[in-house]
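The values are calculated or read from the model by the stated rules, or taken from the named source; none is laboratory data. Predicted, not measured: the structure shown is a model, and the values here were computed from it. Note: ideal-geometry Cβ built from the backbone for every residue, glycine included; neighbour counts use all protein chains shown.
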Ligand code: SF4
């Protein structure tokens, strides 16, 4: 019956895309309904203040349809955790892509990564770390020399000032050591909440969510939050996923954003979490074309890269 109705209104590819979108949406609603039925007997993940949240989204843009995605807070939590598990399987080697050996090196590398790729930072840091092994070295740095060493990372004058001030404050206030609490880290030059969480999670094994541009984009696409402010996004996501998962979740989300869920033309057609994603269809849906959009395919799960 449905096929017949579409036959009257549409023809060829348009009809098929519309039918596919309809069936996908129907399957998602069915999956959520089943999950909610199963979970009514045991409720391990209830987030009380979010129980009234109903997310409405437009999806299936590739088919030109408007549809709604709505779910309970419980279902949202379950879906977020399933996305995390799927990403863990897809990116089993996800890690911080900045090279470092200690908290100071990671702090410096993270400061240099502002408006710069991790790859470029990693090209610069071996010589930098050899010449500036501790906080005292940065505090006493020759400005021109330091500027020259980090020139390739961009904004080198401002970054040089930040590194010299950081070295001095570490000496003055923390005996030359990088502190290991969020409250202390965010008082340091060059440290916002994002940098602090990177250092906490990767140098001190203290779980932290790194809300960068990829995390913001993907958490919006996944309807994990209605907020756009990084701190509010961090708070919203923190209640969805167990604390011990925060650091690895951050790596997985960032890897997925860098490799597949691009800002422009995400590779939806080969995305391992498409069935869990309210935005599936905003990018390339043809599997062959989508596979060509994936970066670093050797690091992907073989099932998704063909
Ligand atoms: S690539 Fe597409 S399906 Fe996958 S997470 Fe991004 S928007 Fe969703």
Exercise for the section: Collect the residues in segment 136-153 that are part of a loop (DSSP other than H, G, I, E, B), touching a residue at least 24 places away in the same chain (Cβ under 8 Å) and surrounded by fewer than 18 Cβ atoms within 10 Å (Cβ to Cβ), keeping them in residue-number order. Expected result: 140
Practice task
Would you check which residues across segment 265-291 are within 19 Å of residue 91 (Cβ to Cβ) and either in contact with a strand residue (DSSP E or B) (Cβ under 6 Å, 6 or more places away or on another chain) or more than 9 Å from the ligand (Cβ to nearest atom) (or both) and list them?
Solution key: 291
Completion exercise
Per the list (1) more than 11 Å from the ligand (Cβ to nearest atom); (2) assigned to a helix (DSSP H, G or I), residue check on residue 295 breaks on (2)
Handout entry: Breaking point among (1) farther than 25 Å from residue 233 by Cβ; (2) not assigned by TED's automatic domain parsing to the domain that holds residue 187, for residue 97
Key = (1)
Practice task
Would you check if residue 255 is more than 16 Å from the ligand (Cβ to nearest atom), within 19 Å of residue 92 (Cα to Cα) and in contact with a helix residue (DSSP H, G or I) (Cβ under 9 Å, 6 or more places away or on another chain)?
Solution key: no
Practice task
Examine segment 154-169 for a residue that is surrounded by fewer than 19 Cβ atoms within 10 Å (Cβ to Cβ), within 30 Å of residue 244 (Cβ to Cβ) and touching a helix residue (DSSP H, G or I) at 6+ places or on another chain (Cβ under 8 Å), and state whether such a residue exists.
Solution key: no
